[in-house]
1. Quickly rank 73-80, 54-61 as a protection proxy: mean count of other C-beta atoms within 10 Å, highest first.
2. For region 13-169, just say rounded, prolate or oblate: build the C-alpha gyration tensor, square-root its eigenvalues into a ≥ b ≥ c, call rounded for a/c under 1.5, and beyond that prolate if a/b exceeds b/c, oblate if not.
3. Amide H neighbours of C139 under 5 Å, at least 5 residues apart or on other chains, H built in the peptide plane: list them.
4. Neighbouring Cβ atoms within 10 Å as the yardstick, rank S143, S69, S88 fewest first.
Amino acid sequence: MIKGEDKTDAAIILLLPDAGPLITLAYAEALDVLFKPGWPVQIVDMVLHEVTRNQTPTSEDIAAWVKASKLPVVPTRTFKHYQQAQTSGITNSRKSNLGEIAIQEAMNNFALTTPPPIGVFLFEDHKIAGTSFLLPENCRKVSTRAFLLFLEQKGWLPTAADVERKAITNGRQFSRLRFPPS
């Protein structure tokens with residue numbers, strides 16, 4: 001059990017979604033489920049850029065939701081470096097996995113905060129589940145599906161399957177990966 005998972009617990013838990021969960025929840029028209037546990041939701045600058053830089057079926061919805069929800073955007077050196085590379089015309093600069101790297105940077109900064117908040121990294125990419133994505137001990141990684149099931153178990157969501165079904169019906173290729181494995 002995550003300390004502070006109950007809405008009445010005083011522990012500070014910060015939820016940082018990666019691009020995949022944002023896209024899936026946007027397809028399901030369910031971005032607001034991120035607020036169900038009562039934890040502050042923050043978005044990392046690089047992740048926001050990843051989900052809004054190109055015109056996609058969800059990019060405008062996510063941008064509007066972030067703005068309407070007044071989500072704090074966490075600045076990272078990763079995004080700053082990416083912007084500098086783009087501005088200076090560097091064509092061989094790294095573009096893959098920058099959102100995850102930026103989230104890892106933000107969570108490492110959590111470990112340096114006193115008292116350190118509990119960081120919950122919400123991911124969907126199957127590559128992250130199987131890797132040794134290094135997080136400080138005060139941080140957790142949770143898949144979109146596991147998060148939705150958690151909300152259902154707590155009674156904060158009628159059914160996780162409905163959200164998943166709606167995302168798929170609306171065109172999302174939702175990961176079949178189950179993490180943690182059943």
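Derivation of every value follows stated rules applied to the coordinates shown; laboratory data play no part. For clarity, every value in this text was computed on a predicted model and none was experimentally measured. Positions of Cβ are generated from backbone atoms using ideal geometry, with glycine treated the same way; all protein chains shown enter the neighbour counts.
1. Numbers: 73-80: 17.9, 54-61: 13.8.
Ranked from most to least packed, the peptides come out as 73-80, 54-61.
2. oblate
3. Placed amide hydrogens put G119 under 5 Å from C139.
4. Numbers: S143 22, S69 14, S88 8.
If I rank by nearby Cβ atoms, fewest first, I get S88, S69, S143.
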